[in-house]
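*Asks:* What follows is a structure written as structure tokens; I'll ask about it next.
The values are calculated or read from the model by the stated rules, or taken from the named source; none is laboratory data. Since the structure is predicted, the reported quantities are computational estimates derived from the model, not experimental observations. Cβ: placed from backbone, ideal geometry, glycine included. Neighbour counts: every protein chain shown. Protein only, heavy atoms only, side chains kept; ligands, DNA and RNA dropped before computing areas. Shrake-Rupley method; radii C 1.70, N 1.55, O 1.52, S 1.80 Å.
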Amino acid sequence: MKQTVQTIREKKTQGERISMLTCYDYTTAKLMDEVNLDMILVGDSLGNVILGYEDTVSVTMEEMIHHAAAVARGTKNALLVVDMPFLSYQTSVSDAVKNAGRLMKEGRAKAVKLEGGEEVCPQIEAITKASIPVMGHLGMTPQSVNTLGGFKVQGKTLTAAKKLLADAKAVEDAGAFAVVLECVPERLATLITKQISIPTIGIGAGAGCDGQVLVYQDMLGMFKDYQPKFVQHFAQVGEAMQTAFQEYIQAVRNGNFPTEKQSYAISDDVMAQLEEELV
Ligand code: KIV
């Protein structure tokens, strides 16, 4: 079934949990789409898991568009959400609308995601008014790593918890159709989920959210640079890949690959004539 902003919102009212994963390429997008994942996120985690950057701060609009367009070509039914990279929306409302528009026109996104609470509500309002659906992102917001002082759980004090709840309500009022809650204590995320009418998508925010999102390299056990507590490995694809790479190396070295099965034939006549001409 084709997912839209409306079907995703309906899931909350129907008490149906929402599944979301990150994705950065055509092949993986097809695999996810074929098994009916609800939403695909071209996250700016692209910077960490694909481009090898230290954080998401360096990710550019061009990089997001390039990968979003590839994912879009492999996505038929899942709702495609694309991250707005650092400084593509914080600078001004007009930059935000223009850049969200580029992600839709050039990256073929169906919605954009941006980080922040009350301070980015003018942007959320303006982008939504331009007919571009917006997903919010609260809690641990990786683009603000330098002001947050590292990757830490957010909302643990009374003041911080109240601020997070106020931000969630503000993002909803500004027109967001859903909001990611990252690294938020489970009971606080559950409370926020009950207090707002738009779906909450948790990552390190416990089971009380309306949906869950993970970086796919994390959940497949492919990314080892760091492993947050909230990640579960649903497969050991990294190990399976390394075993296959090792077997390939061995087969090439000892001449067991390729065999006749992977080779192309030519007629005996042509070969005989060729060899005759060479002598
Ligand atoms: O960039 C990303 O992958 C994200 C998810 C972690 C929600 O924003």
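*Asks:* Return yes or no: is residue 139 open to solvent by less than 20 Å² (accessible area, probe 1.4 Å) and within 12 Å of the ligand (Cβ to nearest atom)?
*Replies:* When the stated conditions are applied, residue 139 passes them.
*Asks:* Quick check on my filter: what residues within the stretch 39-59 are touching a residue at least 40 places away in the same chain (Cβ under 8 Å) and either hydrophobic (A, V, I, L, M, F, W, C) or away from the ligand (no atom under 14 Å from the Cβ) (or both)?
*Replies:* Once the filter is applied, which keeps residues that are touching a residue at least 40 places away in the same chain (Cβ under 8 Å) and either hydrophobic (A, V, I, L, M, F, W, C) or away from the ligand (no atom under 14 Å from the Cβ) (or both), the stretch 39-59 yields 39, 40, 41, 42, 49, 57.
*Asks:* Sticking with this one: When the residues of the stretch 211-262 are filtered to those that are small (Gly, Ala, Ser) and under 31 Å from the mean Cα position of the chain (by Cα), which remaining residue is farthest from residue 25 (Cα to Cα)?
*Replies:* That would be 211.
*Asks:* For the stretch 85-99, how many residues are touching a helix residue (DSSP H, G or I) at 6+ places or on another chain (Cβ under 6 Å), assigned to a loop (DSSP other than H, G, I, E, B) and open to solvent by less than 50 Å² (accessible area, probe 1.4 Å)?
*Replies:* Qualifying residue count, the stretch 85-99: 3.
*Asks:* May I ask you to say which residue of 37, 41, 21 is within 23 Å of residue 198 (Cα to Cα) and buried (at least 24 other Cβ atoms within 10 Å of the Cβ)?
*Replies:* 41
*Asks:* Of everything in the stretch 149-160, what is open to solvent by 30 Å² or more (accessible area, probe 1.4 Å), over 18 Å from residue 114 (Cα atoms) and in a loop (DSSP other than H, G, I, E, B)? Give them in sequence order.
*Replies:* 149, 152, 153, 156, 157
*Asks:* Do any residues in the stretch 90-106 that are more than 22 Å from residue 70 (Cβ to Cβ) have Cβ atoms under 6 Å from those of residues that are crowded, with 21+ Cβ neighbours inside 10 Å and at pLDDT 95 or above, where the two are at least six apart or on different chains, and which pairs are they?
*Replies:* Pairs that qualify, where the first residue is more than 22 Å from residue 70 (Cβ to Cβ) and the partner is crowded, with 21+ Cβ neighbours inside 10 Å and at pLDDT 95 or above, are 93/123; 96/89; 96/123; 96/127; 97/127.
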